[in-house]
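The block underneath contains the structure these notes are about, expressed in structure tokens.
The values are calculated or read from the model by the stated rules, or taken from the named source; none is laboratory data. Keep in mind that what you see is a predicted model, and the values were worked out from it rather than measured. Cβ sites come from the backbone with ideal geometry, for glycine too, and all protein chains shown count toward neighbours. When the accessible area is computed, the model is the full protein with side chains, heavy atoms only, and any ligands, DNA or RNA have been set aside. Shrake-Rupley method; radii C 1.70, N 1.55, O 1.52, S 1.80 Å.
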Amino acid sequence: MADGSRAPPTRRITQRAFRLRILPVRLHLSCRPCVPTPTPHLRNITRAFQQTIRFSSQWTSPLRVFPTTNVLIDPSIEIEEETLPTYRPEKYYPVQQGEVLDNRYQVLAKLGYGVTSTVWLGRDLRDSKYVALKIYVTGREKNHELEIYNRMDAVEVEHPGRDLIRKLFDQFTIIGPHGPHVCLVHEPMGISAHTLLEKHIPGNAMTLNEMKTCIRQLLIALDFLHSAAGIIHTDLQLKNLLLPIPNTKTLESLEAREVNDPSPRKVLKDRTIYLSTVYNPGGDGLPLLSDFGEARFGDVENNEDIMPNMYRAPEVVLKEKWDYKVDIWNVAMVAWDIVSPRHMFNGKNPDGIFDDRVHIAEMIALMGPPPASFRERCKLAYVFWDEQGNWKDLAPIPDVSLESIGSDIPEENKEGFFRWLRKALQWNAEDRPTATEFLFDVWLMEGLRRPNTEETKS
């Protein structure tokens, strides 16, 4: 609504139903919802649900009871994970709202979905706290993200960066109709830095001083990953920086809403597909680094295609081996996105399609031509440069510089910012700084107050 107030629940459901052609359930004269004849799937769900919610003496939180919703979606309409091009229903665990997993975690509401998993808000009945349940598709012998967390947990040295990474509370395996599903139990988080900038910050950009605080924390987390755990994140972007939730009020409100007004869903023969709930979890403080599904171990050779297109480092674009320094390149991209409403690199051709030739031409504009050492090691260099190192004009080199594309960044020692960026914007990965070196740059350290010795003693 224009004044920011929420529509009444009935009106809110009506609006969502109109957009999705939701079919209202017919009512008897007694005004009770008409319950369809139970299918074998529904009878099995009921039986399994009754078995799942066995009383546990270890529970300290009561079970929530969810009523049957009056709002069902037309089965012919594809929603949520069904819209993904690689969707295969048997791969996904058929979650039921109110179900208790691992005799401990009750499913409250659906938060999202993806190619490899669905994510749900849950309640830990043993510890009486909210959790995020990430339930993976079946068919995977190993869960890579779990292996990454196990590597982090195995680190014995004390490092401040450990606390700047989203926590994994627990993990277990669910046996579904078509095989096992790994479930990771995370701490619930607030909005991402991307959502914060897009919806809550005027101009979609912060000041350089505000950016510094976030980047310092990110680099400390990266130093833990690189130097202590031997892990390369490979997917640093604002969407993977999540703000902590200051309190549980928003989660309590979401839970109450689901109990009183359950989300619309589509009931099929073998499963129920829920709409992801729409809510604003808020967030406060500095964001934590999350999502390790694309992370890699740094002590093995890596050359896969990684990173979002516009964030890819030169060695990734040219399909060469890469290491920890791809994360340093990404830090520069993230820092730029915090203070500028548009990405540093666009990479799209006149048809709007991402094109490596355009991307490399933009790199040349901001970084100058690559050195001979870079071209000599790249197997695909001949595609873009001749033997003398001249660009083959596969795409026009834009007449721009960091200073020109960053002209709208507020004046706060921008020269220092551009100098700091150029440390990471290097063709050769070995010429980029480590996370610690990038962190302790003079410009990035500006503005930090040294603790007062007398105050510290007292």
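Results, tabulated for the structure shown:
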read-out: Criterion (open to solvent by 20 Å² or more (accessible area, probe 1.4 Å) and at pLDDT below 95) met by exactly one of His159, His194; value: His194
read-out: Number of the condition not met by Val185 [criteria: (1) surrounded by fewer than 18 Cβ atoms within 10 Å (Cβ to Cβ); (2) at pLDDT 95 or above]; value: (1)
read-out: Matching residues, region 325-357, being surrounded by 15 or more Cβ atoms within 10 Å (Cβ to Cβ), among the hydrophobic types (A, V, I, L, M, F, W, C) and part of a loop (DSSP other than H, G, I, E, B); value: Met344, Phe345
read-out: Residue within region 114-130 that is under 18 Å from Asp270 (Cα atoms), outside any strand (DSSP E or B) and of a type outside the set (A, V, I, L, M) present; value: no
read-out: Selected residue (only one of Ile215, Ile174, Ile220, Ile148 is in contact with a strand residue (DSSP E or B) (Cβ under 7 Å, 6 or more places away or on another chain) and assigned to a helix (DSSP H, G or I)); value: Ile148
read-out: Lys319, sole failed condition from (1) out of contact with any Leu (no Cβ under 7 Å at 6 or more places or on another chain); (2) assigned to a loop (DSSP other than H, G, I, E, B); value: (1)
read-out: Selected residue [free of Cβ contacts under 8 Å to residues at least 12 places away in the same chain, acidic (Asp, Glu) and not assigned by the TED database to the domain that holds Lys110] from Glu304, Glu315, Glu294; value: Glu304
read-out: Hits in region 100-126 (condition: more than 21 Å from Val278 (Cβ to Cβ), in contact (Cβ under 8 Å) with a residue 60 or more places away in the chain, of a type outside the set (Lys, Arg) and open to solvent by 10 Å² or more (accessible area, probe 1.4 Å)); value: Asp102, Thr116
